[in-house]
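Only one structure is covered here, and it is reproduced in the block below.
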Amino acid sequence: MYLPTGLPLCATTRVSASQPVDCHFEPQDAASAGPKSDADVIAAALANAAVGQAQAAMAREKAREKQQRDLEALEAAKKAANKARRQAANLIASNGPSGPEIRTRLVLTTEEAAVGGKHRLSIEVEENCPRCVMKDGFWTLTVDMMNEVKLCSKCQGVTRVVSPKNIEVEVQPGSVDGDEVLVEGGGNSGYAQRLGRFKQTVKEGGEDGNVRVVLVVLTEEGQESAYPEIDCYGNI
């Protein structure tokens, strides 16, 4: 069998003498099939560049916002640290460099109060920051010929840190509810003082403060007869 000249043969079409050949071909998109014009290439490059510039601008804006938040947080921390140091200076001016007294309490059963003896009590005390007391709560760093001031990461610029401490309370036999026991030197550390023209010498701090312990004796029913609003081993 012969086909008319110029008619392509479809591989999937079965040809017979009684059946006409139907080979239909969709025309290809010239834009996708052929090479892109210079204008198309330039337009695509400009679009990609615009996206990259937008992403870079967003990243810069986020970095700027974070830097602003960090600066605001640093200023707030500086104000809090300055306030705490002023309060400490007022305490030193009025009471000397000794550590402030702590008032807390010790809960006893009636038997413990009657017999007396030594009891261990856990409290929290203030101590001079071991890291920055020489620098008054601040670190000054030189970066690219600029002074960068940072708060001490240990005490946040307050120059004092809170630490747990165990003290021994001597309870006298026959103690009753409301009695007080004074533990001398068992409380907050004395304030360290910086001396000298450039304040580079740290004088030994004042004496450690006392702890005044209020005895709370439980009733026979196991209830407290006084100070019900105070935590068992918390500071008053």
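The values are calculated or read from the model by the stated rules, or taken from the named source; none is laboratory data. As the structure is a computational prediction, the values presented were derived from the model and not from experiment. All Cβ positions, even for glycine, are placed from backbone atoms using ideal geometry, and neighbour counts span all protein chains on display.
This table checks each residue for (1) among the small types (G, A, S); (2) touching a residue at least 60 places away in the same chain (Cβ under 8 Å); (3) in contact with a Cys (Cβ under 8 Å, 6 or more places away or on another chain); (4) surrounded by 10 or more Cβ atoms within 10 Å (Cβ to Cβ).
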residue	(1), (2), (3), (4)
A49	yes, no, no, yes
Q53	no, no, no, yes
E61	no, no, no, yes
Q68	no, no, no, yes
A73	yes, no, no, yes
A76	yes, no, no, yes
R85	no, yes, no, yes
N95	no, no, no, yes
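Out of the residues in segment 86-118 that are among the hydroxyl-bearing types (S, T, Y) and part of a helix (DSSP H, G or I), which is farthest from S189 (Cα to Cα)?
The qualifying residue farthest from S189 (Cα to Cα) is T110.
In the set A80, A114, which member is closer than 28 Å to V213 by Cβ, of a type in the set (A, V, I, L, M) and in contact (Cβ under 8 Å) with a residue 24 or more places away in the chain? Don't jump to the end; show me each part of the working.
Values: A80 fails: closer than 28 Å to V213 by Cβ.
Step by step, each of A80, A114 is checked, and only A114 is closer than 28 Å to V213 by Cβ, of a type in the set (A, V, I, L, M) and in contact (Cβ under 8 Å) with a residue 24 or more places away in the chain.
Being modelled with pLDDT of 90 or more and either over 21 Å from A80 (Cβ atoms) or surrounded by fewer than 11 Cβ atoms within 10 Å (Cβ to Cβ) (or both) narrows it down to one of N188, N147, N210, so name that one. Write out each step before concluding.
On the way: N188 fails: either over 21 Å from A80 (Cβ atoms) or surrounded by fewer than 11 Cβ atoms within 10 Å (Cβ to Cβ) (or both); N147 fails: modelled with pLDDT of 90 or more.
None of the other options fit; the residue is N210.
Here is a yes/no grid of residues against (1) in contact with a Lys or Arg (Cβ under 9 Å, 6 or more places away or on another chain); (2) in the same structural domain as N188 (by TED's automatic domain parsing); (3) at pLDDT 90 or above; (4) not hydroxyl-bearing (S, T, Y):
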residue	(1), (2), (3), (4)
K66	no, no, yes, yes
K78	no, no, no, yes
L106	no, yes, yes, yes
T109	no, yes, yes, no
K118	no, yes, yes, yes
W139	yes, yes, no, yes
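Tell me, which residue of segment 157-171 that is in contact with a helix residue (DSSP H, G or I) (Cβ under 8 Å, 6 or more places away or on another chain) and either surrounded by fewer than 18 Cβ atoms within 10 Å (Cβ to Cβ) or among the aliphatic types (A, V, I, L, M) (or both) is modelled with the lowest pLDDT?
Residues of segment 157-171 that are in contact with a helix residue (DSSP H, G or I) (Cβ under 8 Å, 6 or more places away or on another chain), as a first pass: 157-160, 171.
Remaining after also requiring either surrounded by fewer than 18 Cβ atoms within 10 Å (Cβ to Cβ) or among the aliphatic types (A, V, I, L, M) (or both): 158, 171.
Working: V158: 84, V171: 97.
Residue satisfying both the conditions and the ranking: V158.
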